[in-house]
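What follows draws every value from the coordinates through simple rules; no lab data is involved. None of these values were measured; they are calculated from a predicted model. Counting neighbours? That spans all protein chains shown, and the Cβs are built from the backbone with ideal geometry, glycine included.
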């Protein structure tokens, strides 16, 4: 889940004069995939030098350590820009998935047992592998470490680089695109099980460049005056299940796959081990900061559980629809003489007929590639619907998808692990755009503090506004890749939540649920603007540095053109089928504290659903299960049983939210519990 890149070149290469600019440009371009840490390794002559720091690449390339690396280990003559031979450079821009970036040993490049490597992806079974092979020792808190430990273990057992790579990829579960240098051989190893490696090889001008995305190389080439040397025809993808050996003594590329033996590939001979120098600054002392304010106290837990129990007790007089389970606190709800709500009465008249699988196949056929090139981009969160959808798109529709993920700061580790499982087993390239995690979380914190001063259910979605740039990057990635078709693995009314508009004073209409978010009417968009403007005036705490991010989120959601294909406008959404399929095919992971499989990949959901439950007496799950009742999928009694479990406060997930955002969770929950309720029978 990071950006990686590399350069292999010689003294007489045409790019030597601009090498410093190329390195810095590759860092800046790769930073779109991760901004929490960065690092670089240089193999020059008989030394390997490493610099890594817990800072974004744009800051690393301005550091004293980076300048030292350039001057001492890359260039023979800094003035004439003559470079050492052989020269290999690897760069890494990190999106943290495991191991805190503040501890620099967790950052990359990873130095392990004579190998120095970089990794894009997530390994989900690293703990199991450490237990399986006690001969290798865990030193860091990063999952990537296991890859390089396995590589060197197999090499020390007598396997060459290619066979060691094959054995390593047989052991690991998860996504892994890697580049590795060794202290005893003059070869660079590249390998991937997702296809997130693109290579430009130019034998004539003696250089090789690789990156995580084709667009990164394309943008690099457009940035320099000698772009004629870099034609798009020279860029090729390392496909899932392929690796490559690049000899440092004479630039070339020897491709191999993970299955078929390649007897004709020769690797460089072994030599005496060369020195590996870690020039990184030492990690600053990490103070033992108390985390007590992130943990929910036992007393607060008791109150939360008591509120939850009371809502579902026989003594609670909260009126619910007699057919579905929507309560009287649902915005714009009404009941007939039989106690049936207007959402149920109008269910059969709503405009949401499925278009059918045939119509879907006819539509995508217009975009289907015949040579295996990407023909669609699929929005991918790692949640149940997008995991099933990506599999369906590749294996049923026979398309060649690129998975696109926007990591907006509140994507949790569970989601990232499930993403890794799915893309690696499907062999699908994943393009990741990472927000500035720290800045996004600070925006959430500021808006939450403002909300706590004046709790209002209509303003709760402001806490999730930061994820809406997803739509903007859809369009940007489509332009960069040239792939026209974007598929959104959503669209089923069962997951729409019109009550969030209702709390803003916007009646979206019971017959318009298929047009939520991007499709609401112009009048309702204006009403929403006026509602938010009033809140900003009466609660000035919302006027903070996040306001531009919020305005951009509104633009992305309501003004950008929606020309996406919604998968579940065509095929039936079946919860049991989806969950069973992804668990069987991908070992898709759930959470231990709830039977729910919806929204568990979203780090905000447990928190905001607690707000809705406490103040309104219902959550997204009540709305979700009510649709299933109307469709005849479940009974009303079953729905009540399910929502009692699904609405139970998820303490661990709420604590994760508190730590990520940086709030005192006990004070926060106390304010929520004391906030005005929509109905007097909702317990305080």
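Quick notes on this one:
- C-alpha center-to-center spacing [the range 615-646, the range 416-439] in angstrom: 31 Å
- A simple spin-label model places the labels of residue 21 and residue 554 4.2 nm from each other, with each point 7 Å out along Cα-to-Cβ.
- Relative contact order %, the chain, counting alpha carbon pairs below 8 Å whose residues are six or more apart: 14 percent
- Taking 11 Å as the cut-off, no amide N atom of the range 479-509 comes nearer than this to a point 7 Å along the Cα-to-beta-carbon line of residue 638.
- Among 204, 319, sorting on how many other beta-carbon atoms sit within 10 Å of each Cβ, with the fewest leading, yields 204, 319.
- Packing-based ranking, highest mean first, of 40-52, 658-670 given that Cβ atoms within 10 Å are counted: 40-52, 658-670
- Each peptide among 371-384, 248-261 gets the average number of other Cβ atoms lying within 10 Å of its residues, and from highest to lowest they stand as 371-384, 248-261.
- Rounded to the nearest 0.05, the FRET efficiency derived from the C-beta distance between residue 365 and residue 259 at R0 = 35 Å is 0.70.
- Distance between the range 337-373 and the range 532-559 - C-alpha centres, whole angstrom: 33 Å
- Tilt relative to the chain, helix 605-616 - C-alpha long axis, 0 to 90 degrees, to 10: 10 degrees
- Per residue, the convex hull spanned by the Cα atoms of the range 389-481 amounts to 122 cubic angstrom.
- Sequence-separation-based contact order of the range 518-631, relative, with Cα cut under 8 Å and 6+ spacing, percent: 16 percent
- Per principal axis, descending, Cα span of the range 292-674 in whole Å: 62, 49, 43
- In degrees, nearest ten, helix 437-453 long axis to first principal axis of the chain (Cα): 20 degrees
- The distance between label points at residue 12 and residue 334 comes to 8.6 nm (points 7 Å beyond Cα on the Cα→Cβ vector).
- At R0 = 45 Å, FRET efficiency that the Cβ-Cβ distance of residue 135 and residue 223 yields, to 0.05: 0.45
- Residue order, fewest to most surrounding Cβ atoms within 10 angstrom, among 588, 598: 598, 588
- Peptides 550-563, 356-369, 149-162, 417-430 ranked from most to least packed give 417-430, 149-162, 550-563, 356-369, packing being the mean of other C-beta atoms within 10 angstrom over each peptide's residues.
- Principal axis extents of the C-alpha atoms in the range 3-278 (largest first, rounded to whole Å): 52, 45, 36.
- Helix 161-171 and the longest principal axis of the Cα set of the chain meet at an angle near 20°.
- As a rough footprinting exposure proxy, the listed residues 128, 301 were ranked by other beta carbons within 10 Å of their own, and the order from fewest upward is 128, 301.
- Three principal axis extents of the range 14-137 based on alpha-carbon atoms, in descending order, are 51, 31, 24 Å.
- The range 292-674: relative contact order in percent, alpha carbon pairs under 8 Å with at least 6 residues between: 27 percent
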